[in-house]
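Undergrad: Pasting a structure below so you can have a look.
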Amino acid sequence: MSNTIADGKVVSIHYKLTLDNGTVVDSSEGQDPLDYLHGAQNIVPGLEKQLTGKTIGDAVQAKVAPSEGYGERDEQAIQEVERGAFPADADVSPGITFQALDEDQNPLLGTIVKVDGNSVTVDFNHPLAGHNLNFEVTIEAIRDATSQEQEHGHAHGAHGHDH
Ligand code: ZN
């Protein structure tokens, strides 16, 4: 039985994500490994690509460019919104991030940049847009996905998604 990472496998990884400036953005250190379904876009495309074909015990250093990570920064994604678009009791001040929905009802993260009277400037770029992503990954386990996981497009179970 081949036990290398391919589409349709549930993969358990320990990972650390660092930006070029050394900031650690995310890490599974001290936690259970992350389970994800390979080939289902659970993780950024550049990392998924570089993990394909790897096996248990492998340590992978993956450098992912913005185009295969969270995208380039888009100045058009900085928009002015009326204060009234936010709930009255919301904390609307610079630096606050909040979740909104785009036209297709997909969740979108917004960061408030500036508040000027009734006008709120919001940056809808992903906070990691424009950054190279430096992943250090170790492969802990690989198994076949169940048909239900395939159907749902994500991993279930102890470290995966609960319903
Ligand atoms: Zn599910």
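Undergrad: Using only DSSP helix segments of four residues or longer, with each worth -39500 (n - 2.57), what per-residue ellipticity at 222 nm results for the chain after dividing by its residue count and rounding to 500?
TA: Computed mean residue ellipticity for the chain: -2000 deg cm²/dmol.
Undergrad: Pop out the ³J(HN,Hα) list for the range 109-120 in order, Karplus 6.51 cos²θ - 1.76 cosθ + 1.60 with θ = phi - 60°, rounded to Hz; leave Gly and Pro as x.
TA: Working through the residues one at a time gives 8, x, 10, 6, 9, 8, 10, 10, x, 8, 9, 10 Hz.
Undergrad: Here's a follow-up. For the chain, what does the equivalent ellipsoid look like in terms of its semi-axes, each the square root of 5 times an eigenvalue of the Cα gyration tensor, given largest first in whole Å?
TA: Taking √(5λ) for each eigenvalue gives 35, 18, 14 Å, largest first.
Undergrad: Keeping to pairs on different chains or 8 or more places apart, tell me how many lysine pairs in the range 1-147 have Cα atoms under 20 Å apart.
TA: Lysine pairs satisfying the spacing and distance rule in the range 1-147 number 7.
Undergrad: Please give the length that would be gained between residue 82 and residue 105 if that part of the chain were fully extended, namely 0.36 nm times their separation in residues minus their C-alpha to C-alpha distance (nm, one decimal).
TA: Result for the pair: 6.3 nm of gain on full extension.
Undergrad: Still on this structure: Have a look at 80, 140, 72 and tell me which one the Gaussian network model of the chain (Cα, springs below 10 Å) gives the largest fluctuation.
TA: In the Gaussian network model the winner is 80.
Undergrad: Let me ask something additional. Over the chain, with a Gaussian network built from C-alpha contacts below 10 Å, which listed residue (143, 73, 83) shows the highest mean-square fluctuation?
TA: 83
Undergrad: Continuing with this model, one more query. Roughly speaking, what is the stretch gain from residue 49 to residue 150, that is 0.36 nm per residue apart minus the C-alpha to C-alpha distance, in nm to one decimal?
TA: Answer, rounded to one decimal: 34.5 nm.
Just so you know, all these numbers are worked out from the coordinates, no wet-lab data involved. No experiment lies behind these values; they were computed from the predicted model shown.
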